[in-house]
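Visitor: Here it is: the structure, laid out below.
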Amino acid sequence: MSRYVTTPIFYVNAAPHLGHAYTVIASDVLARHWRQRGEDVFFLTGTDEHGEPVALAAEKLGVTPQALADQNAARFQTLGPRLNASEDFFIRTSDPRHVQRVQEVLERVKANGYVEKGTYEGWYCPRCADFKTESEVAEGNRCPIHKIELTREQEDNWFFKLSAFQERLEQLFADRPDFVMPPRSANEAKAFIERGLHDVSLSRSKLRWGVPVPWDTDQVVYVWWDALLNYVTALAFAEEGNDQTDTYWPATFHVIGKDILKFHAIYWPALLMAAGLEVPDHILVHGFLLMKDASGEETKMSKSLGNVLDPFEIIDKYGADALRFYLLREVSFGQDGGVSVDGFVTRYESELANDFGNLASRSVSMVHRYRDGVVKSTSVDPEIAAIIDPLAATVAEQIDAGAPSAALETIWTGVRRLNQYVEEQAPWAIAKDPERADELDTVLTTLIDGVRVVALLLYPYLPASTAALLQTLNPGSEADFSYDAAKLRGEFGFAIDKLEPMFPKAI
C-alpha cells in the first residue's frame with residue numbers, strides 16, 4: 001500500500017519556529033509509523049517562496065526576494081534533519097520545474113473553462129496573502145490571525161470560477177465525512193461553503209514576484225494556487241527521471257494548521273476538480289500552539305507576533321526526541337494548546353526521564369544485577385501480555401485516523417502498566433529466594449520484552465532514543481523495527497548490553 005503525507009510548505013519571509021516544527025514532527029510520526037507497517041510512504045515538505053509576504057520582507061531587508069528565499073529556505077532545509085524527520089523530498093516553489101508544472105496545470109484549468117477575466121475589490125491581508133470575505137474580517141477591520149488592519153485592494157485579475165464547484169464540494173463533504181479531520185474543522189469548511197462560494201482571484205497584477213501567468217505574462221499566479229500545487233508538482237520531479245504521481249497521488253494526509261483550512265479544504269479540491277485530478281484522501285488539521293505574548297495573553301505562536309520558541313535551542317539542550325515527544329504529548333493533536341519552557345521541562349522529567357527512561361534503565365539493570373546480563377528465553381506473564389499485545393492494533397487505528405496524540409497516550413498506558421508491574425512484583429525481593437529463580441526469570445523477561453514492545457511503538461515519536469534502546473536489547477544484531485514484532489514473545493536467551501541514561505538532565 002502506498003501512502004503520501006505532506007506538510008504545508010512554509011513561507012520564507014522569516015526563520016522557522018516551533019509551529020513549523022510541530023507540523024513536521026506530526027507528519028513524520030505518521031510516515032515512520034506506516035513504514036514500520038511495511039507500507040510504501042512518500043513524505044513531502046518544503047518552502048513557499050513567492051507572493052507578497054516574501055516580497056515585502058525582502059524589500060524591508062533591502063535584498064531581492066530570491067536572495068531572501070535562498071537564505072531562509074536553507075534554514076528550513078536544516079529543520080527536518082535537526083528534528084530527525086524522514087522526509088523524502090524538500091520542494092522549493094522557486095524551482096523552475098515546479099514553475100513549469102504550475103503553468104501546465106493552470107493552462108488545463110483554463111482550457112476546461114474555469115478561468116475568466118474580472119476585477120477584484122475587497123479586503124486583503126498582506127501577511128496572509130489572502131483576500132478576506134466580509135465574514136472573515138475581525139473587529140476594527142483587522143485580520144483575525146495577524147491582528148493588523150486590512151487594506152482595500154482593487155485589481156484587474158484573472159479569476160478562478162470557484163462558484164462552479166458549489167454543489168460538487170457540498171457532495172464531497174456529504175459523501176466523505178472524514179475528508180477533513182477533525183469533525184469541527186470539517187464543519188467549519190462546510191459552513192463556509194454553505195454561505196455561498198464566489199469566484200476568487202487566480203492572479204495578481206500588482207506583484208512581480210511569482211509564477212508568470214502563462215497566457216498573460218503581465219500577471220503572476222496568486223501565491224496560494226502556486227503553493228497548493230506543490231503537492232502534485234513535486235511528485236513529477238522529486239526523483240530524477242521518474243514521475244511518481246501515479247504511485248502516490250492522491251495524498252493520504254495533507255497535514256495543515258487550522259489557519260489555512262479554507263485554502264486546503266475548499267480552494268484546493270475545487271482546483272483539482274477543475275484540472276481533472278483526484279482530490280486528496282484527507283485534510284488533517286491541527287490547532288495552534290499558544291504562548292503568552294508581552295501582555296500576558298495566550299495567543300497563537302507566530303513570528304509576526306513575536307511570541308515564538310526556537311526549536312533549535314530546545315534540540316541543542318535536550319535533543320530532538322524530547323521536542324518531538326513534548327509537542328505531541330502536551331497538545332492534543334487537532335486542538336489548540338499552550339506550550340511553555342516550564343511545561344516542556346515537566347514533561348521531560350516526569351514522563352520521558354522517569355516513566356519511560358527509568359523503566360528501561362531499571363529493567364536492564366536488574367537483568368545485569370541478577371542474571372549477569374542474560375535475558376532468559378521463557379514464557380511471559382500472561383496478564384501483562386493481555387495488556388501490551390493489543391496496543392499495536394489500537395495505535396495503528398489511531399494513526400490511520402489522524403490522531404497521533406491519542407496513539408501516544410495509548411502507548412503510555414503500556415509504559416505505566418509496566419512501571420506498575422515492577423512495583424507489584426518487586427524483583428529485588430524475589431531475587432533473595434533461590435527457589436523463586438523461575439519466577440524471577442518470568443518477571444525479568446516480561447519486563448525486557450515489554451520495554452522492547454513499547455520502544456517499537458514509540459519509535460515514530462522517539463526515533464533516536466528507541467533505536468539505541470532496541471540495539472541495547474539485541475546487541476550484535478540489526479534491530480527489528482517491524483510492526484509485526486510489537487508483541488510479547490519472550491524469545492531471548494542471550495546477553496543484553498548495559499544502557500546509558502536515555503534522558504539525562506540538561507546541563
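Visitor: In what order do His198, His368 fall by count of nearby beta-carbon atoms within 10 Å, going from fewest to most?
Guide: By the 10 Å Cβ count, ascending, the order reads His198, His368.
Visitor: Please sort by residue number the trypsin sites (Lys or Arg not before Pro) in the stretch 220-295 whose DSSP state is loop and whose Cβ has at most 16 other Cβ atoms within 10 Å.
Guide: For trypsin sites (Lys or Arg not before Pro) across the stretch 220-295 that sit outside H, G, I, E and B with at most 16 neighbouring Cβ atoms in 10 Å, the list is empty.
Visitor: As a footprinting exposure proxy, order Thr6, Thr252 by other Cβ within 10 Å, with the fewest listed first.
Guide: Thr252, Thr6
Visitor: Counting only residues 5 or more places away or on other chains, whose amide H sits under 5 Å from the amide H of Phe10 once H atoms are built in the peptide plane?
Guide: Here the answer is Gly46, Thr47, Asp48, since their amide H atoms fall under 5 Å of that of Phe10.
Visitor: Given a Förster distance of 35 angstrom, what is the FRET efficiency for Arg82 paired with Thr378, based on the Cβ-Cβ distance and rounded to 0.05?
Guide: 0.25
Visitor: So, one more: Looking at the stretch 171-272, which GluC sites (Glu not before Pro) are DSSP coil and have at most 16 other C-beta atoms within 10 Å of their C-beta?
Guide: Values: sites: Glu188, Glu194, Glu239, Glu240; in loops: Glu240.
Listed in order of number, the matching sites are Glu240.
Visitor: Next question. Could you work out the relative contact order of the chain? I mean the mean sequence separation of Cα pairs under 8 Å and 6+ apart, divided by the number of residues, in percent.
Guide: Reported relative contact order: 15 percent.
Visitor: Turning to a different aspect of this structure: Only bridges with both residues in the chain count here: give the DSSP antiparallel percent, nearest 5.
Guide: 55
Visitor: In the stretch 369-385, which residues have a backbone nitrogen under 19 Å from the label point lying 7 Å from Lys432's Cα in the Cα-to-Cβ direction?
Guide: Counting backbone N atoms under 19 Å from the label point, the list is 369-371.
Visitor: Longer than 32 Å from Cα to Cα, which of Lys147/Lys505; Lys262/Lys487; Lys161/Lys206; Lys110/Lys147; Lys110/Lys190 are they? Say none if no pair is.
Guide: Over 32 Å apart, Cα to Cα: Lys147/Lys505; Lys262/Lys487; Lys110/Lys147.
Visitor: Enter the per residue convex hull volume of the chain, computed from alpha-carbon coordinates, in Å³ rounded to the nearest integer.
Guide: Taking only Cα atoms, the chain has a hull volume of 156 Å³ per residue.
Visitor: Over the stretch 2-286, what is the relative contact order in whole percent, taking alpha-carbon pairs under 8 Å and six or more residues apart?
Guide: Here the relative contact order equals 21 percent.
Visitor: Cα axis of helix 18-36 to longest principal axis of the chain: angle in degrees, 0 to 90, nearest 10?
Guide: 60
Visitor: If R₀ is 60 angstrom, what is the calculated FRET efficiency for the pair Thr64 and Asn354, using the beta carbon separation as r and rounding to 0.05?
Guide: 0.70
Visitor: Could you work out Rg/(2.2 N^0.38 Å) for the stretch 37-109, with Rg from alpha carbons only?
Guide: Rg over 2.2 N^0.38 Å, computed on Cα atoms: 1.34.
Visitor: Same structure again: When a/c reaches 1.5 or more, the comparison of a/b and b/c decides; with that in mind, is the stretch 2-286 rounded, prolate or oblate per its Cα gyration tensor?
Guide: The shape class here is rounded.
Visitor: Calculated FRET efficiency, Gln154 and Phe494, Cβ-Cβ r, R0 51 Å, to nearest 0.05?
Guide: About 0.10, to the nearest 0.05.
Only the coordinates and a few stated rules stand behind these numbers; no lab work does. No experiment lies behind these values; they were computed from the predicted model shown. No Cβ is skipped: glycine too gets one built from the backbone with ideal geometry, and neighbour counts run over all protein chains shown.
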